[in-house]
1. If you scan the stretch 74-95, which residues turn out to be loosely packed, with under 14 Cβ neighbours inside 10 Å and either assigned by TED's automatic domain parsing to the domain that holds residue 37 or not in a loop (DSSP other than H, G, I, E, B) (or both)?
2. Kindly list, by first and then second residue, each pair from a residue in the stretch 62-83 that is within 13 Å of residue 95 (Cα to Cα) and modelled with pLDDT under 80 to a residue that is assigned to a helix (DSSP H, G or I) and not aromatic (Phe, Trp, Tyr), limited to pairs with Cβ atoms under 9 Å and residues at least 6 apart or on different chains.
Amino acid sequence: MIGICSYGAYVPLLRMKKEAMGGFGLDERSVANFDEDPITMAVAAGLDCLKGIDPKTGLPHPPQRILNAMDEAHVHMDPFRRAPDQVAGVLETVQEILHISLLMDLI
């Protein structure tokens, strides 16, 4: 497939109010939290983009289908480990249940 088949984005949840910025600009602005570095935010955007592509249709799987596959595979995220460190294991486990092709497989 040639062209853009998916896209992703990540916007930090933390907000800074206008008053904290000296009263200038918009009402509020999104700012990175203490644990959000550029790589972590890029991974989050990449995961949003690569939620999974159905190899049969070439279209992304619906997010709920991926969550159901994670439940079925008994995948649990460890809140004490970084998310990027857990991605490979989660994908490997989910791929046993849900036929999923990520961008790395398509290149």
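The values are calculated or read from the model by the stated rules, or taken from the named source; none is laboratory data. What you see is a predicted model, and the numbers here were worked out from it, not measured in a lab. Glycine also receives a Cβ, built like all others from the backbone with ideal geometry; neighbour counts cover every protein chain displayed.
1. Filtering the stretch 74-95 for residues loosely packed, with under 14 Cβ neighbours inside 10 Å gives 74, 76-82, 85, 88-89, 92.
Of everything in the stretch 74-95, those that are loosely packed, with under 14 Cβ neighbours inside 10 Å and either assigned by TED's automatic domain parsing to the domain that holds residue 37 or not in a loop (DSSP other than H, G, I, E, B) (or both) turn out to be 85, 88, 89, 92.
2. Sorted first by the residue in the stretch 62-83, then by its partner, the pairs are 66/94.
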